[in-house]
1. Can you tell me which residue in segment 23-32 is nearest to Ser53 (Cα to Cα), limited to those that are assigned to a strand (DSSP E or B) and open to solvent by 10 Å² or more (accessible area, probe 1.4 Å)?
2. Please count how many residues of segment 4-22 are touching a Gly at 6+ places or on another chain (Cβ under 8 Å) and outside any loop (DSSP other than H, G, I, E, B).
3. So how many residues does segment 33-45 have that are open to solvent by 50 Å² or more (accessible area, probe 1.4 Å) and either in a loop (DSSP other than H, G, I, E, B) or in contact with a Lys or Arg (Cβ under 7 Å, 6 or more places away or on another chain) (or both)?
4. Sort through Ser49, Ser53 and tell me the only one that's free of Cβ contacts under 8 Å to residues at least 40 places away in the same chain and touching a Lys or Arg at 6+ places or on another chain (Cβ under 8 Å).
5. Looking at (1) open to solvent by 50 Å² or more (accessible area, probe 1.4 Å); (2) at pLDDT below 95; (3) in contact with an Asp or Glu (Cβ under 8 Å, 6 or more places away or on another chain); (4) assigned to a loop (DSSP other than H, G, I, E, B), can you tell me which one Met1 breaks?
Amino acid sequence: MSDWVDVIPVVDFEPGTSQVVDVDDITVVVFNVDGEFFALEDLCSHDDSDLSSGFLHGDQIECPRHGARFCVRTGAALTPPAYEPVARIATRVHDGIVQIRDGRWD
């Protein structure tokens, strides 16, 4: 069994957007930032809100609940009220499909 999970074809994944996928009961949000793909656990480290319904500003996602921002490239918390990072998940493009690495949280 492959460790990689298909998310969406690259041609269907517009820059500045995100896609949500569930892997082993964990919700992951995958971002397209100017043609580069990044994935984070879909969970704000401040209050456990879903980040996928937040606002993407370049390579930062803003939590819709309290406005904390996280770097989608690294998962780092960038602004209060969040101080802890969110889990980053490995991504790749394989045969034109954006994939995330199942169970390989950084």
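The values are calculated or read from the model by the stated rules, or taken from the named source; none is laboratory data. Fair warning: this is a prediction, and the values are worked out from it, not measured in the lab. Cβ: placed from backbone, ideal geometry, glycine included. Neighbour counts: every protein chain shown. Note: accessible area is taken over every heavy atom of the protein model, side chains too, but ligands, DNA and RNA are not part of it. Shrake-Rupley method; radii C 1.70, N 1.55, O 1.52, S 1.80 Å.
1. Within segment 23-32, the first condition is being assigned to a strand (DSSP E or B), and the residues that meet it are 23, 26-32.
The next check asks that each one be open to solvent by 10 Å² or more (accessible area, probe 1.4 Å); those that pass are 26-27.
Numbers: Ile26: 16, Thr27: 12 Å.
Only one residue fits best here, namely Thr27.
2. 3
3. Of the residues in segment 33-45, 2 are open to solvent by 50 Å² or more (accessible area, probe 1.4 Å) and either in a loop (DSSP other than H, G, I, E, B) or in contact with a Lys or Arg (Cβ under 7 Å, 6 or more places away or on another chain) (or both).
4. Among Ser49, Ser53, only Ser49 is free of Cβ contacts under 8 Å to residues at least 40 places away in the same chain and touching a Lys or Arg at 6+ places or on another chain (Cβ under 8 Å).
5. Unmet for Met1, out of (1) open to solvent by 50 Å² or more (accessible area, probe 1.4 Å); (2) at pLDDT below 95; (3) in contact with an Asp or Glu (Cβ under 8 Å, 6 or more places away or on another chain); (4) assigned to a loop (DSSP other than H, G, I, E, B): (3).
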